[in-house]
Every structure is written in C-alpha cells, then in structure tokens.
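The values are calculated or read from the model by the stated rules, or taken from the named source; none is laboratory data. A quick note: this is a predicted structure, and the numbers were derived from the prediction, not measured. Neighbour counts run over all protein chains shown; Cβ positions are idealised from the backbone, glycine included. Ligands, DNA and RNA are excluded from the accessible area calculation, which covers all protein heavy atoms including side chains. Shrake-Rupley method; radii C 1.70, N 1.55, O 1.52, S 1.80 Å.
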Amino acid sequence: MPTILELSDEPKYTIKAVSAQTGVRPVTLRAWERRHEVLTPHRSENRYRLYSERDVAILRWLKDRTDSGLSISEAVAELRQMVRNGLWPEAVPTAPQAKTQATTVGPEVYANQLYKALIRHDEMRAGELFREALAGYDLPVLFEQVLVPCLTQIGEAWYRGEIRVTTEHFASSFLRGKLLTLFQTYPIRRGSAYIMVGGAPYEQHELGSLMFAILLRSEGYRVEYLGPDIPLDDLVDYAREERPALIVLAASAEESALAMRRLQEKLARLRPAPLFGYGGAAFNQRPDLVQRVPGIYLGATLSAGVEKVRTLFTAVSRTGR
Ligand code: B12
C-alpha cells in the first residue's frame, strides 16, 4: 500500500465525487476544511473545488479515524504529528477496520503464493500479495492463515536444505518490514491501557511478538513494541519508570522460556506492579513449560492471546486495579 504522500496531488475530483469515494458528506467536508484546515483543494477556472488522489486518501484516513471513535480534531492532530515525524500514513485500507472477506481466494492460496514469491526473492510480487491479503482479510486471518503458514513453509524448506539461509533471512526481513510499517500506521492511544510487547531473552524470532503488538494496537491499546531478546533486569527498570499495565513476552525455544522464570517475581515488587503475560511456540511444543514460568499464559495462538488480554483488562476495570 503506498503512503499518502506517494499519491498524486494533481487536482481532478469534484466535491461530489470525493464525497462518494470517502463517505464524507460535502457539508462535513467543507466544515473540516474550514475549521481544521485539513486540505486546501485547488479551484477550477469556474471556482469549483478540485481534489487530488492524495486529498481523497487524507480524507479516507481521517474518516477511518473518526469512525473508530476519535474526534476530528484528534484525528487531524494525529495526522499532523505523523507528518511532522516524516511518517506519512499508508492509504486506507491499510489500517483496517472490520473487514468483509472480500476476496474469493482462500488465505491458504495467499500463503502459498507469498511463499513462492519470497523464495524467488521477488519483492515486488510479494509486496502485491501482502497488500491484497491485507486488503482482503482481517488481521487475525492475515497473520494466522497467511503469514504463519507461509513462514512455516519457509522454515520447513530451510530445514530440508531446499532453500538457503540467505533466502530465509530475505523472507523474514521482508515480512518484518511490512509488519513494522503496519504497526506504525495505527495511532498511539495515550489514554488506553499501556502494554509493552517484546521477545524473551535470547529470542531472535520476533515476528510473532510483532504480530501480537499489531493486534493489540489495532484493538485500541497503547502498545510499545520493544523488539527481540530483551534483557530482563533492564526491562524491570524501564517498567519501574514507565509503569505499564501489562508486559507481554514471547518465546519460541525452551531456553528463552525458562529465562523468564524470575520476571513475575521481580515485577511484583514494583508499585504499581504490572501484569506479566507470555506466549509463543515454546509453550505449544512443551506445554509443561507453562507450569515452570510464573505469570499469565496467554494461550496457544495470537487470537487466543488477544482474547485473554481483553478479559484481563475487563477484570482489571471491574476490580478497579
Ligand atoms: C524466520 C525464522 C528465523 C529468523 C527470525 C527473524 C526474525 N526477525 O524474527 C532467524 C534467522 C533469526 C531465526 C533464527 C533461528 N531459528 Co528460526 N525460524 C524462522 C521461521 C522460518 C519463522 C519463524 C516465525 O516468525 N514464525 C511466525 C510465528 C508467529 O509462528 P509461530 O511461532 O508458530 O506462532 C504461533 C504460536 O507460536 C503463537 N504465538 C507466536 N508468538 C506468540 C506470542 C504471543 C504473546 C502469543 C499469545 C502467541 C504467540 O501464535 C501463532 C499461531 O497463532 C521458523 C519456521 C516456523 N515454523 O515458524 C524457524 C524456526 C522457528 N527456527 C528454528 C531454529 C532452529 C532457529 C535457530 C536455532 C537456527 C540456528 N541454528 O541458528 C535460530 C534461533 C535463534 C534464537 N536464539 O532465537 C526452528 C525451531 C525448531 C524448534 N522446534 O525448536 C524453526 C521451526 C525452523 C525449523 N523448521 O526447524 N529463525
């Protein structure tokens, strides 16, 4: 998905056409322009407003934000902040709301095609497939039924010696880039529950925790993604200063899982003490590890983890913790 900045700023659409494309009524559009100076459309020779593709994308983005509960002033402030930071958002539907499964092709077809494009190092085709799958599926489906199976195929091909390590690195770097961009596309919601997400010590696999961070951010939580292989004592110090409500770490190997054994105890000494949740492939392969790592086991899948976080915060708000 291109960023909004990459779209053409050539004036071509009338207000009526823009209203049809964005779902923003002309009267609202004029009010947004007047009060919030969101756009300054060009004027045609006969003084009609003319909007560009970039203007349409900005309006769609703002509409998307207001539909998800922000006021128009908050949405405009957020856009300005992103632009100031040089981070133009991608054109909607990149930050997706509930999606209808518009595509007729099943997610397994995307998983397979993406795998083939990645092992050919065909970045352009992989980009197209990622974009299409993102536009066609909800995030949990994209992650669990397209990306995870694609990565599993890559891991198996690497294990059988059919693809190079270089190819596996290319594929995971490509997906990491796409996922980070997607993560940054969602707004940082200062007022909601603050969650830190990262990888357990020694853990180099980061795509699972990154996908989890995106899912939580898309749910409206304030999420900070910390990356892989987090040193725990430093994390505890940071949590003392920043006071998150929840810390989530992921582990795919036993060594990383067991390295988290003392974390809950260390966090319990902080005031207020953050909750500690964890998940990842290590616990799927060795369920006995759950008994050995104190904290809240979030479940075997990304979706189960998100559901668990939801219930945790419902319980927290009920008990006033
Ligand atoms: C990409 C990759 C790498 C990249 C990672 C790059 C990056 N930036 O992330 C690099 C090159 C660094 C790497 C390194 C290694 N890798 Co590797 N890697 C993979 C690969 C291909 C994809 C991993 C991935 O991201 N999967 C996507 C995640 C999301 O899938 P998942 O874990 O199955 O997720 C499900 C659940 O676990 C759960 N979940 C996942 N995370 C979370 C988080 C939370 C909070 C919750 C609730 C749930 C949850 O939800 C998902 C289902 O919904 C896998 C193949 C595979 N089968 O996964 C091998 C794989 C995991 N790697 C493997 C190995 C052996 C290694 C190395 C030891 C290789 C080596 N000799 O150096 C090192 C380990 C380094 C370390 N200390 O961590 C093996 C692990 C075997 C095993 N069972 O232990 C695999 C399975 C490959 C294989 N077929 O043998 N790897």
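Quick rundown of the values:
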item	result
log10 of Debye I(q)/I(0), alpha-carbon scatterers only, for the stretch 4-84 at 0.25 Å⁻¹	-1.36
Ratio of the Cα radius of gyration of the chain to 2.2 N^0.38 Å, where N counts its residues	1.11
Mean separation of Cα contacts under 8 Å, 6 or more apart, over the residue count of the chain: relative contact order %	11 percent
Rounded if a/c under 1.5, otherwise prolate or oblate - the stretch 111-152, Cα gyration tensor axes	oblate
Listed residue pairs exceeding 30 Å between alpha carbons, taken from LYS178/LYS266; LYS63/LYS178; LYS116/LYS308; LYS12/LYS116	LYS178/LYS266; LYS116/LYS308; LYS12/LYS116
Candidate residues TRP88, TRP32: accessible-area rank, largest first, probe 1.4 Å	TRP88, TRP32
Charge dipole of the chain about the Cα centre (unit charges at C-beta), most positive-ward option of PRO228, ILE247, THR301	ILE247
Cα-based Rg / Dmax (Å) for the stretch 186-319	13.4, 38
Packing-based order for 300-313, 250-263, using average beta carbon neighbours within 10 Å, highest first	250-263, 300-313
Scattering profile of the stretch 36-80 at q = 0.13, 0.26 Å⁻¹ [log10 I(q)/I(0), Debye over alpha-carbon scatterers]	-0.33, -0.90
Structure-based [θ]222 nm, the chain - -39500 (n - 2.57) summed over DSSP H runs of at least 4, per residue, nearest 500	-16000 deg cm²/dmol
Nearest 10 degrees, 0 to 90: helix 207-218 Cα axis against the chain principal axis	50 degrees
Solvent-accessible area per residue for the stretch 186-319 (1.4 angstrom probe, square angstrom)	46 Å²
Volume in Å³ per residue [convex hull over Cα atoms, computed for the stretch 1-149]	132 Å³
Added length on full extension, which subtracts the Cα-Cα distance from 0.36 nm per residue, ARG30 to SER192	55.2 nm
The stretch 107-184, relative contact order in percent, only Cα pairs under 8 angstrom and at least six apart counted	37 percent
Relative contact order (%) - the stretch 186-319, alpha-carbon pairs under 8 angstrom, separation at least six	23 percent
Three-way shape label, the stretch 109-237, alpha-carbon gyration tensor, a/c 1.5	oblate
Shape category assigned to the stretch 107-184 from the gyration tensor of Cα positions, a/c cut at 1.5	prolate
Charge dipole magnitude, Cβ of K and R +1, D and E -1 - the chain, Cα centre, debye nearest 20	1240 debye
Unit charges on C-beta of K, R, D, E only; dipole of the stretch 1-133, Debye	520 debye
Loop sites in the stretch 39-97: GluC sites (Glu not before Pro), DSSP, at most 13 other Cβ within 10 Å	GLU45
Exposure of ARG286 as accessible area (Å², to 10), given a probe of 1.4 Å and all protein chains	80 Å²
Which of HIS36, ALA75, SER52, positive extreme of dipole for the stretch 32-162 (C-beta unit charges)	HIS36
